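One structure below.
Any read-out appearing in this document is the output of simple, stated calculations on the displayed coordinates, not a laboratory observation. As the structure is a computational prediction, the values presented were derived from the model and not from experiment. Positions of Cβ are generated from backbone atoms using ideal geometry, with glycine treated the same way; all protein chains shown enter the neighbour counts.
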Amino acid sequence: MSKAKAAVQKPKMHSFKILGRLLKYLFHYYKGRLIAVFICIAMTAAAGISSSVFMNLILEQVIEPLIGTDRVPPVSWAEVADSVFYIIGGMGLMYIVALCASVFYNQTMAVVTQGFLRSVRDDMFAEMQALPIRYFDTHTHGDIMSVYTNDTDALRQLISMSIPQVFYSIVAAVTLLVIMLLNSIWLLLVVLLGVVIMALVAKAVGGRSAKYFIRQQEIIGKTEGYIEEMMGGQKVIKVFCHEEQAKRDFDKINDELCDASDKANAYGNILMPAVMNIGHLMFVVTAIVAGLFILFNVRNFTVTGWGEVFSVEMVGLVAVFLNMSRQFSLNIGQVSMQINSVVMGLAGAARIFELLDEKPEADDGYVTLVNANIAEDGTITESKERTGKWAWRHPHQADGSVTYTELKGDIRLFDVDFGYVPNKIVLHNVSIYAKPGQKIAFVGATGAGKTTITNLLNRFYDIADGKIRYDGININKIKKADLRRSMGIVLQDTNLFTGTIMENIRYGKLDATDEECIEAAKLANAHDFITRLPEGYNTVLRHEAANLSQGQRQLISIARAAVADPPVMILDEATSSIDTRTEALVQKGMDALMKGRTVFVIAHRLSTIQNSDAIMVLDHGRIIERGSHDQLIAQRGTYYQLYTGAFELE
């Protein structure tokens, strides 16, 4: 089956829903710490705007009493000194508390951010293990990797910096708004007019910036997917001299990324200067309006009611208000600076949630595989200890009874139809009967449906029609993990993992002893070449065992299947990557491995399946011939043509 490279499009979540879900997710893990962080941020914000408050106090309690006004009679220097001492002392104490709060919340956010990202990656990986094979067939691996790297990094920026900064700015802005309400509503209206203009500019410019930042995140995933594909196919690229075309294709994707990034950063870099300059204009306009109020003796108005008439004596109040308006615009500018990081973080969070929201592989099976004791009369009892014998535990929902069926490896397909996509059937009316210990072989042209049948046996995909019975039990009733545990599989494409050879063999049975792994390697005829390696079984494999030949990698995968010791084996071109001499050695081990087991073999080398109990010849998803080797040769049909070389398989 060819992989579909384009992921299925899904409806996008709204940004506020993503943010709400993200915060809920955060509070789930770090509720207490986050509450403490927000309190500390509020304290730091309060200290940040305290300069305006203290300036007002100095004006009212120091300058005006010292020079004397109509409202305040002059006082002595001693009284002024006392006021200055208390004001400076209060300022110092507040800044010390703010410093401690700032250190605490920054340190705490570092711990929260990294701990949260660790939990997110754990959750994503756990969810990925539960996804069906279909998901990986319809998503490029590089794009999936991008979720773990680029999207989580964007999320880190959002959590560690953007959210605290936005909260800080909002707290400071709201506090300044309240203070300005207490000072002058008239001047506040001028400030709010500037804020409205800021908001309109932020919406226009920030909206365009957000669109391109989201596009940038998507193309980064596409770029990584292409690079991953090219790295995996470097030999093919060089063999077919495809380097120039590969570069042209990459340049096209890279140009898309450059264009999206260029526009995103262009709009993003415009936003902050635009907002800040509007703030500067707002400061100037506020100062002009205040001057006009003083010139024309306009009566002040606050939330407490009508105040004094603007006069020269209120220049200090105007100065304090102008300072607060500057701080207010600065905080609005700080919020606008975080728009890009917020957008990128939310885009990353959306892709992460899309992965977490993927529907896991459905499994409504209730028949499980258990260790069993089998008496001479055939009575089966369940055992908690490993007995070397297995049975299917089948609870019956009708009456609550439980029956046990010995695991023998009897697999039968009845009139099975299947298609990878609806309305496109690739298997038609397939019926196969494999008794315990039989060897069933599948042959046919590429795309005939051979591998598809083995995918159905493992329930990587579910059939559209018909039935598959395993030891007389419908496999839909068997839990998938137990079904797959009862089957061993050796694929044409070997998959070895970073680790020692011993660990890779033990992958088939995690509690296997070293002696069991070595016996499995001997069975697969891998022992000799392993012992000739510098570190023997402790040789570390990296980069998909690039230091081993394809044949050696295949021998290790055969040993991995052998150590699992399952009653059913699926060999999908297991010896295709092994040379003729090695194949002769492996075949002997394979025969020993297959002894007493039900075996399904997909083979293009027909010499390896002559001793099969039954050979199924497939063509376009239908079984067109079946029988033993001799029977099919005698029929002089398709199998005869394949065997004698009248036409060639892939």
In degrees, nearest 10, the alpha-carbon axis of helix 514-523 is tilted away from the dominant principal axis of the alpha carbons of the chain by 50 degrees
Distance from the Cα centre of the stretch 344-402 to that of the stretch 238-286, in angstrom?
-> 50 Å
Heads up, the stretch 411-644 by the C-alpha gyration tensor (a ≥ b ≥ c square roots of eigenvalues; a/c under 1.5 rounded, else a/b over b/c prolate, else oblate) looks prolate
Taking the chain as the reference, fit the longest principal axis to its C-alpha atoms, fit the long axis of helix 315-337 to the helix C-alpha atoms, and give the angle between the two in degrees, 0 to 90, nearest 10.
-> 10 degrees
Most packed first (mean Cβ within 10 Å per residue), the peptides 250-260, 200-210 order as 200-210, 250-260
Mind computing the radius of gyration and Dmax over the alpha-carbon atoms of the chain? Å is fine for both.
-> 36.9, 125
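Mind ranking 27-36, 624-633 by how tightly packed they are, going by the mean number of other C-beta atoms within 10 angstrom, highest first? If you can, show how the numbers build up before the last one.
Details: 27-36: 13.7, 624-633: 16.1.
Going by the mean number of other Cβ atoms within 10 Å, highest first, we get 624-633, 27-36.
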Points 7 angstrom from Cα along the Cβ direction at Gln245 and Asn458: gap in nanometres?
-> 3.1 nm
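Taking K and R as +1 and D and E as -1, what net charge do the other residues with C-beta under 11 Å from the C-beta of Thr513 add up to?
Values: positive: Arg506, Lys509; negative: Asp511, Asp514, Glu515, Glu516, Glu519.
With Lys, Arg at +1 and Asp, Glu at -1, the net is -3.
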Does anyone have the angle between helix 339-356 and the longest principal axis of the chain? Alpha-carbon axes, 0 to 90°, nearest 10?
-> 30 degrees
Part-to-part distance (alpha-carbon centres) for the stretch 488-554 and the stretch 155-187, which is given in Å = 60 Å
D (Stokes-Einstein, µm²/s), Kirkwood Cα radius, the stretch 15-356, 1.002 mPa s at 20 °C | 90 µm²/s
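Calculate for the chain the 222 nm mean residue ellipticity that helices alone would give, adding -39,500 (n - 2.57) per DSSP H run of length 4 or more and normalising by residue count, nearest 500 deg cm²/dmol.
Values: 21 runs with 366 residues, N = 650.
Taken over the chain, the calculation gives -19000 deg cm²/dmol.
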